[in-house]
Amino acid sequence: MIAAHDQAYERSYPLKDVTSSSWTRTSSATDCYTAADGITWVKVSPGGKLSNISGGFSPFGTTPPPSWTAYRDNTSHVFARVRVGAAGTLAFEAWGVKGDGSPAFLKDSFRYTTGACSTTPALGFTPNALSFTAQQGGSAASKMATLAASDGTTATFTVSENASWLSISPATGQTPGTITVTADPTGLAPGTYSASVTATATGYTSGTLPVTLTVTAAGTTYTLLVSKSPNRASSVALAGTTMSGSIYVFTSPNTAGIARVRFFVDNPQMTGTPRQTESNPPYDLAGGTTANANPFDTRTIANGSHTITAAIDFTAGGTQVVNASFSVSN
């Protein structure tokens, strides 16, 4: 099933018995299926359009991806190509477009066949994608990935990468095995970079691990701002202010690499359920749209000193916590 919505690409494994709360995953393969395997669900972002909410490619709501996700990416525009063959094949290709004049590139592909899929075992990574966030000029970061053969056999593999900022260790090994993937932002300007790690072994279909590195501006410090206007105009730092009536509180800046922001009121320990969780910018205490924030009514809390806490969770892992104490006088 192919749908076009949101500014991100995502593809499931073949699934059966899908309901709003459950499903049955029928295959761990990423390249070939038969009608008996069930339905593969694909969401292709509209070519050339960015999110009306975030102003960029839409962030995913879950990290790591859910178990039904075979592949996902939100670093480029995407268009789909579907080819139907007379021999009983349906081939799907997702092509990425950077929008900088560079040619389109094949991002993802799979096929359905009325015959049998190849019996050649395949190499696969767990997790099936890695993402990193680093400040410009910051330190390198590493994450682990496991490589295994689809048939559970022992294969002697070699891994390689296609970007200068990416490195892998060890370069060779046997399945099942673990590799360390390191992303180094040294010399990179702020922005999002995409690359991949490829594993090969004689007699096995190669496996690919997409890697994304988001570089933020050096010295990024997040803060809580407050405005008396829904459009967030004339905002000031919330800390140390005295407020009354309706206020509009939000985090700043809205840099790339933020997965979500969790807000807490008078709960700096961040216990229990957040008062508000925002997965798309702008990140508002009471929610809202790109144009206007929803109000937080200070008359719902007592006069005196209060604290608002924002936990900023990054797509590559890690959290920056921001606290701001202010006074209410109604």
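Brief remarks on what is shown
To keep it simple, each residue is scored yes or no on (1) surrounded by 18 or more Cβ atoms within 10 Å (Cβ to Cβ); (2) small (Gly, Ala, Ser); (3) in contact with a His (Cβ under 6 Å, 6 or more places away or on another chain).
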position: Ala3; (1), (2), (3): no, yes, no
position: Glu10; (1), (2), (3): yes, no, no
position: Leu15; (1), (2), (3): yes, no, no
position: Thr19; (1), (2), (3): no, no, no
position: Arg25; (1), (2), (3): no, no, no
position: Tyr33; (1), (2), (3): yes, no, no
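- Considered as a group, the residues in region 292-324 that are small (Gly, Ala, Ser) and farther than 24 Å from Thr220 by Cα include one that is surrounded by the fewest Cβ atoms within 10 Å (Cβ to Cβ), and that residue is Gly304.
- Any hit, region 264-271, residues being touching a residue at least 24 places away in the same chain (Cβ under 8 Å) and under 22 Å from the mean Cα position of the chain (by Cα): no
- Test: residue in region 240-257 that is within 23 Å of the chain's Cα centre (by Cα) and closer than 13 Å to Asn292 by Cα: yes
- Selection from region 99-138 of residues that are surrounded by 11 or more Cβ atoms within 10 Å (Cβ to Cβ), part of a loop (DSSP other than H, G, I, E, B) and among the polar types (S, T, N, Q): Thr114, Ser118, Thr120, Asn128, Gln136
- The number of residues in region 209-236 being touching a residue at least 60 places away in the same chain (Cβ under 8 Å), under 29 Å from the mean Cα position of the chain (by Cα) and part of a strand (DSSP E or B) comes to 11.
- Among the residues making up region 51-78, those that are surrounded by fewer than 18 Cβ atoms within 10 Å (Cβ to Cβ) and either without any contact (Cβ under 8 Å) to a residue 60 or more places away in the chain or not in a loop (DSSP other than H, G, I, E, B) (or both) are Thr62, Pro66, Ser67, Trp68.
- Hits in region 251-298 (condition: closer than 27 Å to Ser194 by Cβ, outside any strand (DSSP E or B) and hydrophobic (A, V, I, L, M, F, W, C)): Ala256
Every read-out reported here was derived from the displayed coordinates using simple, explicitly stated rules and does not represent laboratory data. All figures in this text were calculated on a predicted structure; none of them were measured in a lab. Neighbour counts run over all protein chains shown; Cβ positions are idealised from the backbone, glycine included.
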